[in-house]
Amino acid sequence: MRRTAGDRPSVVVYAGRHDREALDTYAELGVERVLLYLPTLPEDKTLRTLDELAEATSSYR
């Protein structure tokens, strides 16, 4: 992706998957940001989902 896009623009994935394999692939391809999807759910489910997203992405910061 980086070779195709060059130095500009930034490579961003919108609503990307957050499993380890997908995140590793995005990193290998030179993706600079992955925007994760957070569905509208009741508060308790939203907080659990946020915890899952934080755990999945913690090693990529």
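The values are calculated or read from the model by the stated rules, or taken from the named source; none is laboratory data. Computed from a predicted structure; not experimentally measured. So basically every Cβ, Gly included, is an ideal-geometry build from the backbone, and we count neighbours across all protein chains shown. These accessible areas exclude ligands, DNA and RNA; they are computed on the full protein's heavy atoms, side chains included. Shrake-Rupley method; radii C 1.70, N 1.55, O 1.52, S 1.80 Å.
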- In region 26-53, anything open to solvent by less than 70 Å² (accessible area, probe 1.4 Å), modelled with pLDDT under 95 and over 16 Å from ALA15 (Cβ atoms) is listed as ALA27, GLY30
- Consider only pairs whose beta carbons are under 7 Å apart and that are at least six residues apart or on different chains; among these, list those whose first residue lies in region 1-22 and is without any contact (Cβ under 8 Å) to a residue 40 or more places away in the chain and whose second residue is surrounded by fewer than 11 Cβ atoms within 10 Å (Cβ to Cβ). VAL12/LEU35; VAL13/LEU35; TYR14/LEU35; ALA15/LEU35; GLY16/LEU35
- Task: Kindly provide the set of residues from region 16-25 that are part of a loop (DSSP other than H, G, I, E, B) and surrounded by 11 or more Cβ atoms within 10 Å (Cβ to Cβ), ordered by number.
- Result: ARG17, HIS18
- Task: Kindly indicate whether any position in region 5-15 is open to solvent by 100 Å² or more (accessible area, probe 1.4 Å), of a type outside the set (Asp, Glu) and under 12 Å from the mean Cα position of the chain (by Cα).
- Result: yes
